[in-house]
Each structure stands twice: as structure tokens, then as C-alpha cells.
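Everything on this sheet refers to the single structure shown next.
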Amino acid sequence: MNDPVQMLISAGAIPASPFGPSSRYANVAIGLYGVATDDAPVAYVLRRFIPQARDIPIAARHTVRAGDRVDLLAYHYLGDVELTWRVADANAAADLLDLTATPGMRIVIPQPPGA
């Protein structure tokens, strides 16, 4: 192995993933594009499959109030603003703003990681 970066990853000096443990991409593999050419390969994140809403355990149901924001709800219910993506996944939402756009709408809050 002559790749100095891979040697540092193998030695534990730098993390194998550029994403933190609460990132939606934490367990998604990194691919390399252009390995078979003379160009330097370009790293990219492989596809992340979104779980089916029925497979996500629900901790609570929240009625949206004026001024609610998904990031603040993630912090309130899950203890980490970076887990906003879990709320989006649980509600099959592509646009976070849609989740809190309508006061009175009910959204689900997933269980925190490891619960």
C-alpha cells in the first residue's frame, strides 16, 4: 500500500469517513470516480437509501405551531440539531420547510438513535 492517505486511515490517524456520527451519511460508503484513468480519482458519496416510514420507530407526534422549525424540533425531541434529517426521513419529506409550513399539521418524531 503506497497511498499515504489510506495508510493514515488504516493507522487510525484520520477517520475513514468525513462525516460525523450524527450525519445522515455516517454509514454510507465513499466511492471513487476515475480510478481507471490517469486522472486523479474523485471521491463521492454512494447512494443513501431512505428507510420506509413504516420501518422507522416513532417516539412522538407533534402538532406544528407557528414559528416551529424542524431543526429546533430535532433538538427538542432528539437532543441534536444535526438529526433534522431523521425527522425528514420519518415524514418522507423532501423539503424540510414543508414539514412546518402549515400550523396544525401533525408530524411524527422518530426515536433517537440507539433508543
- Task: Those residues that are surrounded by fewer than 19 Cβ atoms within 10 Å (Cβ to Cβ) and closer than 21 Å to Gly67 by Cβ, I need them from segment 86-115; list them, please.
- Result: Ala93, Asp95, Leu96, Leu97, Asp98, Ala101, Thr102, Pro103, Gly104, Met105, Arg106, Val108
- Query: Is there any pair linking a residue in segment 41-68 that is farther than 12 Å from Asn91 by Cβ to one that is of a type in the set (Lys, Arg), with Cβ under 9 Å and at least six apart or on different chains, and which?
  - Reply: Arg48/Arg24; Thr63/Arg106
- Out of (1) closer than 18 Å to Gly104 by Cα; (2) surrounded by 15 or more Cβ atoms within 10 Å (Cβ to Cβ); (3) touching a Lys or Arg at 6+ places or on another chain (Cβ under 8 Å), the odd one out for Leu78 is which? (1)
- Task: Just give me the residues in segment 46-70 being exposed (fewer than 15 other Cβ atoms within 10 Å of the Cβ) and among the acidic types (Asp, Glu), in sequence order.
- Result: Asp55
- May I ask you to list pairs of residues, at least six apart or on different chains, whose Cβ atoms are under 7 Å apart, with the first in segment 8-23 being over 26 Å from Ala88 (Cβ atoms) and in the same structural domain as Arg86 (by TED's automatic domain parsing) and the second being at pLDDT 70 or above and in a loop (DSSP other than H, G, I, E, B)? none
- Filtered residues of segment 27-42 (kept if in a strand (DSSP E or B) and exposed (fewer than 11 other Cβ atoms within 10 Å of the Cβ)): Val42
- Does at least one position in segment 66-82 carry a residue that is charged (D, E, K, R), at pLDDT 95 or above, part of a loop (DSSP other than H, G, I, E, B) and out of contact with any helix residue (DSSP H, G or I) (no Cβ under 7 Å at 6 or more places or on another chain)? yes
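The values are calculated or read from the model by the stated rules, or taken from the named source; none is laboratory data. Just so we're clear, the structure is a prediction, and the values are computed from it rather than from any experiment. Glycine gets a Cβ as well: all are built from the backbone with ideal geometry, and neighbour counts include every protein chain shown.
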